[in-house]
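Below: one structure, written as structure tokens.
The values are calculated or read from the model by the stated rules, or taken from the named source; none is laboratory data. This structure is a prediction, so every number in the text was calculated from the model and none was measured. Cβ coordinates were reconstructed from backbone atoms using ideal geometry, including for glycine residues, and neighbour counts include every protein chain displayed. Just the protein is used for accessible areas: all its heavy atoms, side chains included, with ligands, DNA and RNA removed. Shrake-Rupley method; radii C 1.70, N 1.55, O 1.52, S 1.80 Å.
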Amino acid sequence: MFDKIKVLVVDDSAFMRKMISDIINSQKDMYVIDTAKDGFEAIEKANKLNPDIITLDVEMPRKNGLEALVELKKVSKAEVIMLSSLTSEGSTITIEALRLGAFDFIQKPSGSISLDINKVKDEITEKIRYAYAYKNKLKTNNKVISNFVSNKSKVNSFNNNFNALLLGASTGGPKVLFDLITKLPNNIDIPILVVQHMPTGFTKAFADRMNKSSNLRVVEAEDNQKIENNVVYIAPGGYHMTVVNGVIKLDLSPQIHGVRPAVDKLFISAANYYKSGVIASIFTGMGKDGAEGVKEVKKNGGHVIAQDESTSVVFGMPKAAIQTGCVDIILPEDEILNYILKLLKRA
């Protein structure tokens, strides 16, 4: 026998609590330990019941999801998955929740009361499993040491005139990217192009939130936008972002690996334009997006960094990149910024 994942479902709608609970209880490896109708009740029950995972509605009366998250982090070790409707307030709160330590978020398909919540059934159950695995990894605190990590002297052997920084991430990425981008100096003198897997609408809130805290200008990318130094371009949700002759191109071509934007599309196009002038970094995330892209970066003489397993929320994307043999160095999250600055001779 194995321990089932204990989930606390928080939503101000009784209908949504029932629908989400039915989805979770239909799985053999998880069950709903209880439900809560608002943030106050969620905090009380989380403290009492010790759930593994909490699904937390973003927009609730009295105490919204962000306010509840801050308090939940004080009383519970549960990983929190935000459920958000696509409103201006909802997307802003969701992005801030990710920065403050929420594991991930799921967009409700059609607003606060989503009669079609079953459309995201697989996403809900998959992210609960990933969150539970991450929680257990934190508990065991097993550090995965790579031979690449100790090989930091490699940075001194690179004399490339780097002229673009590419960043790709998925689950767990918003916090990592926020921490890195907001610490970049204002004289980095290259453009930064970013793909973070997010639905339409949330990338604008993500860019706006980082722009408020950054030394650089951070924008959601636009079609036909000229690429400039000291600007961070976030690929908009729902569009692939590519580089063509120093200009950003957005397109609605089919999803790659089930996502749009895809890291592969950005990395491949940028590598073909900037050639050996690319630094590309793959961060935490599900799946294998970016693996083909790092091959192209390496083929053109660029430099590739991957986040290590011990600090990745989900090691899927970095692992797939590493398995290509095209990664130059594997580093924990908190060492990647300084390594990039050394490559650019800014540190």
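Roughly to the nearest percent, how much of the accessible area of the stretch 194-274 is carbon and sulfur, given a 1.4 Å probe?
Working: 1510 of 3280 Å².
The C+S portion of the solvent-accessible surface of the stretch 194-274 is 46 percent.
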Exposure rank, largest accessible area first [89, 333; 1.4 Å]: 89, 333
Answer label, with P(r) over Cα pairs in 20 Å bins from 0, in percent calculated from the coordinates and candidates (1) 31, 59, 10, 0; (2) 31, 56, 13, 0; (3) 21, 34, 20, 15, 9, 2, 0: (2)
Tail weight of P(r) past 17 Å, computed on alpha-carbon pairs of the stretch 159-235, percent: 39
Neighbour-limited loop hits for trypsin sites (Lys or Arg not before Pro), the stretch 43-78 (at most 12 other Cβ within 10 Å; DSSP other than H, G, I, E, B): 62
Solvent-accessible surface (1.4 angstrom probe) belonging to residue 217, in square angstrom, nearest 10: 120
Tilt relative to the chain, helix 333-343 - C-alpha long axis, 0 to 90 degrees, to 10: 20
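Please tell me the relative contact order of the chain in percent, rounded to the nearest whole number, where contacts are Cα pairs under 8 Å and at least six residues apart.
Working: 758 pairs, mean separation 43.4, N = 347.
Once divided by the residue count of the chain, the mean separation gives 13 percent.
Nearest 5 percent is fine: what portion of the DSSP beta bridges confined to the chain is antiparallel? List each step's numbers first, then the result.
Working: 8 of 51 bridges.
Restricted to the chain, the bridges split so that about 15 percent are antiparallel.
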Residues with amide H under 5 Å from that of residue 36, placed H, sequence gap 5 or more: 9, 10, 11
DSSP-defined beta bridges in the stretch 205-346 - what % are antiparallel, rounded to 5: 40
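Rounded to the nearest whole Å², what accessible area per residue is found for the stretch 169-253 with the 1.4 Å probe?
Working: 3100 Å² over 85 residues.
That works out to 37 Å² per residue.
Report relative contact order for the stretch 32-133 in percent, whole number only (criteria: Cα-Cα under 8 Å, sequence separation at least 6). Please list the in-between numbers first.
Details: 151 pairs, mean separation 24.4, N = 102.
The normalised contact order for the stretch 32-133 reaches 24 percent.
Return the carbon/sulfur percentage of the accessible area of the stretch 1-111, one whole number, probe 1.4 Å, all protein chains in place.
50
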Accessible surface, per residue, of the stretch 280-320 when the full set of protein chains is kept, probe 1.4 Å, Å²: 26
Unsatisfied cross-links (Cα-Cα over 18 Å) in the set 226/288; 73/204; 45/73; 73/175: 226/288; 73/204
Folded to 0 to 90 degrees: helix 65-75 orientation relative to the chain principal axis, Cα: 80
Karplus (6.51, -1.76, 1.60) ³J(HN,Hα), θ = phi - 60°, over the stretch 213-223, in Hz, Gly and Pro reported as x: 10, 9, 6, 9, 7, 10, 9, 6, 5, 10, 5
Accessible-area value, residue 312, 1.4 Å probe, nucleic acids and ligands omitted, Å²: 0
